[in-house]
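Peer 1: Got a structure for you, questions after.
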Amino acid sequence: MISYQADEKGYYGDFGGAYIPEMLYPNVEELRQQYIQIMNEPSFREEFDQLLRDYVGRPTPLYYAKRLSEKYTTNIYLKREDLNHTGAHKVNNTIGQILMAKKLGKNRIIAETGAGQHGVATATVCALMGIECVVYMGAIDIQRQAPNVARMKMLGATVIPAMSGSRTLKDATNEAIRDWINNPVDTHYIIGSVVGPHPYPDMVARFQSVISEEIKSQLQEKEGRENPDYVVACVGGGSNAAGAFYHYLNQPDVGIIAVEAAGKGIDTGESAATSALGKEGIIHGSKTLLMQTPDGQITEPYSISAGLDYPGVGPMHANLFRTGRGEFISITDEDAMKAGLELCKLEGIIPAIESSHALAIFEKRTFTPEDIVVVNLSGRGDKDLNTYIDYFQL
Ligand SMILES: *Cc1c(COP(=O)(O)O)cnc(C)c1O
């Protein structure tokens, strides 16, 4: 049977691997040799589980959304990652990686961030552990995302502006990689999604897999079976989706639905719908699908939701797309915003705009009255309030 997990070299079918400059090799190799062994140590598991429980607030509820289900005449469960400490799933990964850094004897953390959500999740766990934290962020993004910059500073992180190129996420990534090359001994680089060179996509997917681990036991309790008919998640880099899909990847009776941001429309040149528009290429040290010009320059993505505004997808998702194991749907800004507001009115939950993309599929696609559909509600909408206010003129 083919597996949709990473193989030993970090390949998901044709995608993945570690395409890195030679100077980065020692750092990545050290991590690659040790990550599985460390994650399997009982002392690691214990501390990870304890922090997820007492600090993050896990398990997050699996909530039967009654009014939403009635509206679409099917059975919709929401996996409430929005209820995690810091308001989204990202902290599952940063908790895992800060513990990994400690086991590797590192005393300095670097990260890059676009909208600032991953920067905040990283600064949070560094404060928790009393470890130095340096976050690279594009100078333009620093201007656009002032509240998250303030949060990172309050949490004790140093935020360094990336001044080169378009002064956005990819430039911040370049600066972080340069830092890591220069500080190979004491520094761990916390990547925020299932992207980057092997072993990052697999390691991050394993940390996030707590999401589907919990869905299985919670669904067993509520419905008498572990497997839903469908599991749905939005995909930026793909970490919340990887976590929600993880334990279902090799279960053919579970449909996997990945939702991408179509921005203003797939054909408008302003979108982030990588599966529809992407071609094979290398980004961030990994072979995957990415949006690029005919001569291979990465194109600037666009989405109303900062977390989906990424020009590639992680290699797991590229493989789910290419093999047909996953169904990929892209949702425009407009449809996502409507679905977000609908969840507010029907369930009293204000979702992150990223998560609203996943919710919008119920207008695009029908399910039977018997189907059980689990939607991963990746985050809460507090961070998006200004976008909601401007959009709906509230
Ligand atoms: C960052 C973010 C995403 C997108 O990142 P993935 O790695 O694709 O999960 C989705 N939802 C929320 C709430 C986020 O903060």
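Peer 1: Any residue at all in segment 113-125 that is crowded, with 16+ Cβ neighbours inside 10 Å and farther than 22 Å from Lys170 by Cα?
Peer 2: yes
Peer 1: Sticking with this one: Test Asn240 against the criterion of being of a type in the set (S, T, N, Q), more than 15 Å from the ligand (Cβ to nearest atom) and within 21 Å of Phe207 (Cα to Cα), and give yes or no.
Peer 2: Numbers: of a type in the set (S, T, N, Q): yes; more than 15 Å from the ligand (Cβ to nearest atom): no; within 21 Å of Phe207 (Cα to Cα): yes.
Spelling it out, it is not the case that Asn240 is of a type in the set (S, T, N, Q), more than 15 Å from the ligand (Cβ to nearest atom) and within 21 Å of Phe207 (Cα to Cα).
Peer 1: Still on this structure: Taking the residues in segment 62-83 that are within 16 Å of the ligand (Cβ to nearest atom) and buried (at least 24 other Cβ atoms within 10 Å of the Cβ) as candidates, determine which candidate is nearest to the chain's Cα centre (by Cα).
Peer 2: Initially, segment 62-83 is screened for residues within 16 Å of the ligand (Cβ to nearest atom), giving 78-83.
With the extra rule that they be buried (at least 24 other Cβ atoms within 10 Å of the Cβ), the set shrinks to 78-79, 81.
Working: Leu78: 17, Lys79: 15, Glu81: 12 Å.
Going through the qualifying residues, I end up with Glu81.
Peer 1: If you don't mind, another one. Give the residue that is nearest to the ligand (Cβ to nearest atom), with candidates limited to residues of segment 293-317 that are within 18 Å of Gly243 (Cα to Cα) and out of contact with any Leu (no Cβ under 9 Å at 6 or more places or on another chain).
Peer 2: Among those that are within 18 Å of Gly243 (Cα to Cα) and out of contact with any Leu (no Cβ under 9 Å at 6 or more places or on another chain), it is Gly307.
Peer 1: Sticking with this one: For residues that are among the charged types (D, E, K, R) and farther than 21 Å from Leu320 by Cβ, tally how many sit in segment 276-303. Explain how you work it out, then say what you get.
Peer 2: Just the residues of segment 276-303 that are among the charged types (D, E, K, R), to begin with: 279-280, 287, 295, 300.
Checking the rest, the ones that are also farther than 21 Å from Leu320 by Cβ come to 295, 300.
Residues meeting the conditions: 2.
Peer 1: In segment 259-296, which residue that is of a type in the set (Asp, Glu) and closer than 25 Å to Asp202 by Cβ is farthest from the chain's Cα centre (by Cα)? Quick ask: steps written out before the conclusion?
Peer 2: Pass one, segment 259-296, residues of a type in the set (Asp, Glu): 260, 267, 270, 280, 295.
From what's left, closer than 25 Å to Asp202 by Cβ: 260, 280.
Numbers: Glu260: 12, Glu280: 20 Å.
Ranking the candidates gives Glu280 first.
Peer 1: Now a separate question. Of all the strands (runs of 3 or more DSSP E) wholly in segment 50-131, which have at least 1 residues that are in contact with an Asp or Glu (Cβ under 6 Å, 6 or more places away or on another chain)? Write out each step before concluding.
Peer 2: Values: elements: 62-64, 75-80, 108-113.
Those strands (runs of 3 or more DSSP E) span 108-113.
Peer 1: When segment 214-244 is examined, which residues are found to be surrounded by fewer than 24 Cβ atoms within 10 Å (Cβ to Cβ) and within 20 Å of Ala121 (Cβ to Cβ)?
Peer 2: Answer for segment 214-244, where residues must be surrounded by fewer than 24 Cβ atoms within 10 Å (Cβ to Cβ) and within 20 Å of Ala121 (Cβ to Cβ): just Glu214.
Peer 1: Got at least one residue in segment 346-353 being touching a Pro at 6+ places or on another chain (Cβ under 6 Å), surrounded by fewer than 24 Cβ atoms within 10 Å (Cβ to Cβ) and among the acidic types (Asp, Glu)? It would help to see each step written out before you state the result.
Peer 2: Here is the first cut: in segment 346-353, the ones touching a Pro at 6+ places or on another chain (Cβ under 6 Å) are none.
No, that holds for no residue.
Peer 1: Among the residues in segment 75-82, are any at positive phi and in contact (Cβ under 8 Å) with a residue 24 or more places away in the chain? So that I can check it myself, show each step before the final result.
Peer 2: Looking only at segment 75-82, we keep the residues that are at positive phi, and these are none.
Checked segment 75-82: no residue is at positive phi and in contact (Cβ under 8 Å) with a residue 24 or more places away in the chain.
Peer 1: Among the candidates Thr299, Thr274, Thr288, which residue alone is closer than 23 Å to Ile2 by Cβ and free of Cβ contacts under 8 Å to residues at least 60 places away in the same chain? So that I can check it myself, show each step before the final result.
Peer 2: Working: Thr299 fails: closer than 23 Å to Ile2 by Cβ; Thr288 fails: free of Cβ contacts under 8 Å to residues at least 60 places away in the same chain.
Within the list Thr299, Thr274, Thr288, the selection yields Thr274.
Peer 1: Does at least one position in segment 254-268 carry a residue that is out of contact with any strand residue (DSSP E or B) (no Cβ under 9 Å at 6 or more places or on another chain), away from the ligand (no atom under 13 Å from the Cβ) and farther than 26 Å from Glu112 by Cβ?
Peer 2: Step one: list which residues in segment 254-268 are out of contact with any strand residue (DSSP E or B) (no Cβ under 9 Å at 6 or more places or on another chain), which gives 267.
With the extra rule that they be away from the ligand (no atom under 13 Å from the Cβ), the set shrinks to 267.
Then keep just the ones that are farther than 26 Å from Glu112 by Cβ; that gives 267.
Yes; the residues of segment 254-268 include at least one that is out of contact with any strand residue (DSSP E or B) (no Cβ under 9 Å at 6 or more places or on another chain), away from the ligand (no atom under 13 Å from the Cβ) and farther than 26 Å from Glu112 by Cβ.
Peer 1: Filter segment 73-105 for residues that are in contact with a Ser or Thr (Cβ under 8 Å, 6 or more places away or on another chain) and charged (D, E, K, R); which is farthest from Leu51 (Cα to Cα)?
Peer 2: Lys79
Peer 1: Being touching a Ser or Thr at 6+ places or on another chain (Cβ under 6 Å), surrounded by fewer than 17 Cβ atoms within 10 Å (Cβ to Cβ) and not aromatic (Phe, Trp, Tyr), is that true of even one residue in segment 359-369?
Peer 2: Among the residues of segment 359-369, at least one is touching a Ser or Thr at 6+ places or on another chain (Cβ under 6 Å), surrounded by fewer than 17 Cβ atoms within 10 Å (Cβ to Cβ) and not aromatic (Phe, Trp, Tyr), which makes the answer yes.
Since every read-out is calculated from the coordinates, none of them should be taken as a lab result. Bear in mind the structure is a predicted one, so any value in this text is a computation, not a measurement. So basically every Cβ, Gly included, is an ideal-geometry build from the backbone, and we count neighbours across all protein chains shown.
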